[in-house]
Amino acid sequence: MNVSKKTFLCLVGLLLTFVAALLAVAPGPEQSGLTWRLVQLGKAIEMYGHRHDGRTPPNLDALAEEDLLGREVVDYLARRAIYIAPDQPRSAASARAIMAVGDLAGAEKKVSVLTGDGNVVHVPIDAFRAAAAKYDPHNNVHTPLVIETDADGNLRVVVPPEAR
């Protein structure tokens, strides 16, 4: 099969463009480490709920004490994330409710967020900060912030009316 030089260069250009696009949206090394640990946290919260009548753990240490999450993961998350769904009925959190958030101080453009369904999404930091400023966790602990997708397909953080 004979491929012209022009066709070959075009294919290489497309491949380089594709790789550059992937690198632009890929999380950095620190964010991917945090993402992996947040996924592990989601699994541990789910297992804890099965053992404790559907409740979320009161703190991250409870997960290590029950051998649901390694101590090194708990220590890492204690430094790099905020667990915002302690000691709640698991049924109160929708699939898109925020269970934990990556370090806001260390985030530049996006923050890693663990949702109620165990997925980790990367939300624009400004959207998260704007919603968090309107949220009063002392008024309604059982109504967490929620992730939604707007009409343009962008992720946004929403404060349910009952949590304002």
Summed residue charge, Cβ within 12 Å of P58's Cβ, Lys/Arg positive, Asp/Glu negative: -3
Protection proxy ranking, peptides 49-58, 8-17, average beta carbon neighbours within 10 Å, highest first: 49-58, 8-17
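Can you tell me how much longer the chain between S4 and I125 gets when fully stretched, taken as 0.36 nm per residue apart minus their C-alpha distance, in nm with one decimal? Provide the component values of the computation, followed by the final result.
Values: separation 121, 0.36 × 121 = 43.56 nm, distance 4.66 nm.
38.9 nm is the gain from fully extending S4 to I125.
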Fully extended contour minus Cα-Cα distance, from D103 to K43, at 0.36 nm per residue: 19.6 nm
In Hz, Karplus ³J(HN,Hα) per residue of the stretch 110-115 (6.51, -1.76, 1.60; θ = phi - 60°; x = Gly, Pro): 9, 10, 7, 10, 8, 9
Cα→Cβ-extended label distance, 7 Å offset, between A95 and N59, nm: 3.3
Kirkwood Rh (inverse of mean 1/r, distinct Cα pairs), the stretch 93-134, angstrom: 10.4
Interchain or long-range residues, amide H under 5 Å from I84's placed H: A100, V101
Built amide H within the under 5 Å cut-off of V111, gap 5+: V123, I125
E66 versus E148: modelled label distance in nm, points set 7 Å from Cα along the beta carbon direction: 3.2
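Bear in mind that the values in this text are calculations on the coordinates, not laboratory data. Fair warning: this is a prediction, and the values are worked out from it, not measured in the lab. No Cβ is skipped: glycine too gets one built from the backbone with ideal geometry, and neighbour counts run over all protein chains shown.
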